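This report concerns only the one structure given below.
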Amino acid sequence: MPPNRQRPLTRRRLLQLTGASTLGALAGCGSQLPGSDDDEGREVTPRSTVTSEPDSSVSLTAGAGTIQPGPDVSTSNWLYDEQFPGPELRVQEGDVLSVELTNDLEAETTIHWHGVPVPNPVDGVPGVTQEPIAPGETFEYRFRAEPAGTYFYHSHVGLQLDRGLLGPLIVEERDPHVEYDREYVVVLDDYLPDEPQLPSDGGRGGGGMGGGMGGGGMMGDVRPPYDGLLINGRLPEDPQTFGVTEGERIRFRFVNAGSATVFGVRIAGHEMTVTHADGRPVDPVDVDSFAFGAGERYDVVVEATNPGRWFVQADALDGNEPPARAVVEYEGTDGTNTPQVPSSPGDQLQYSDLQAISSLDGVSGSPDRTFDLTLSRGGGQSYTWTIDGQTYPDADPLRIRPGEHVRIRMTNQSPVVHPMHLHGHFFQVGNAVKDTVMVPGHRGQVTLDFHADNPGRWLFHCHNLYHLDAGMARIVKYVE
Ligand SMILES: [Cu+2]
């Protein structure tokens, strides 16, 4: 690729290209594509992506479509292959996956493979790892699908994720550490019937995004005007049924694909054994409930020993919409019986309960480099969220060197949770290995450690889409 200085991809130009006008409307814009140097060191060339023949080839089309999340409810959205959630992509660990994305939207788009440590050029961050895909164009993402895990894919342009451009990606392990008889993928989402937008008045008072949870005063943020909560694209009025047979062990792969929701998940009448966190295997831990932020995933195994009809229920911990629901229905049960609702939350999973089966290499001992980062709400009239007072893309990259053990310590000076996500790497947090971690509000602190083993430019950001769009992001950049 020629030096990007010859055709600078400026923030202004990107905003023109996308027709976007709000601050940071294009996640990841504002920097040059790789291949150039800055005055703080020469950039390290990323791993190139695989060129071998794919084991699995998929074509996806991003385009406008209609969803029907409930009876008599229909909304125009932006979808992959006119499905919502998008088609489940399922491959074996180590397979080479090729996805040809055709853009039938009126706007530019990309796909990000959330959690998969792909080579940088196929990470799907516009203006950072690739030029955005123009309307009418096709782009091929090809990468080796590893390690095994529960992932999802989504657009990384602006607020497109909250328009419906998302779907699950399952990379099956060849030798699971837990036994199960069948599995269901459970995609949780917040349902926005209209085009997403940042709060027009700075979100400090009044309606902001349109109300929802009663303005920004109490909670320190406004909630988008969600019209409900979804499990696999369906409102609780029209829940999906997960059929089970008594005696089976069922694996549920929960994905929080919401844009601005922390979900609390329970299954009535059943304990859950958490087996994977963000796709990575953990020592099984029994809980009654777990909470997870946007971008997090948990796999659980449930023993079907309690015949009947039971709700799988996901409450918005930061919203007041009715909970998302699906139904676990035992074979032979009268399907007209009203499903049972979960009782009190009971034992809730804590991060400290998570013990990765394989800890991360390269992060023992003291770190080679530490960043202390403060997460906070921006001042002033506009709606901004900051890391160390800087609003991406007007923000300094976090420069690291290949092979380093890097530590990031975060302190959250705002009253709301920030689910922070690092592209291209897993990180160690406590004894867990994850790619997204919630930093609690009111001076909550989280420390993560990762091994700098995947050169390139990687976005590190809040996975609340509105916080990301309003500046809560940095580039982690490999330099020599
Ligand atoms: Cu946030």
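What follows draws every value from the coordinates through simple rules; no lab data is involved. Everything numeric in this text was worked out from a predicted model, so none of it was measured. No Cβ is skipped: glycine too gets one built from the backbone with ideal geometry, and neighbour counts run over all protein chains shown.
Is the C-alpha gyration tensor of the range 388-449 telling us rounded, prolate or oblate? Criteria: a/c under 1.5 is rounded; beyond that, a/b larger than b/c is prolate, otherwise oblate.
Here the range 388-449 falls in the oblate category.
Would you give the gap between the C-alpha center of the range 134-195 and the C-alpha center of the range 365-399, rounded to a whole Å?
What the calculation gives is 27 Å, centre to centre.
Under a point spin-label approximation (7 Å from Cα along Cα-to-Cβ), what is the residue 352-residue 364 distance to one decimal in nm?
It is 2.4 nm.
Normalised by the number of residues in the range 226-353, what is the relative contact order in percent for Cα pairs under 8 Å and 6+ residues apart?
34
For a test of the definition: using alpha carbon positions, the gyration tensor, and the 1.5 limit on a/c, classify the range 73-182 as rounded, prolate or oblate.
Verdict is oblate for the range 73-182.
Which ordering of 177, 114 is given by a fewest-first count of other beta-carbon atoms within 10 Å?
Neighbour counts put them in this order, fewest first: 177, 114.
Show me, for the range 83-91, the HN-Hα J-couplings you get by feeding each phi into the Karplus relation (A = 6.51, B = -1.76, C = 1.60, θ = phi - 60°), rounded to Hz, glycine and proline as x.
10, 9, x, x, x, 6, 9, 9, 9
So for the range 369-478, averaging the separation of alpha carbon pairs under 8 Å that are six or more residues apart and normalising by length, what relative contact order in percent results?
34
Given Cα positions, please report Rg to Rh for the chain, the hydrodynamic radius being the Kirkwood one.
0.94
Counting alpha carbon pairs within less than 8 Å and at least 6 residues apart, what relative contact order, in whole percent, applies to the chain?
Relative contact order comes out at 15 percent.
Using Cβ contacts closer than 10 Å as the measure, can you line up 200, 155 from fewest to most?
Listing 200, 155 from fewest to most nearby Cβ atoms yields 200, 155.
Order of 274, 417 from fewest to most other C-beta atoms within 10 Å?
274, 417
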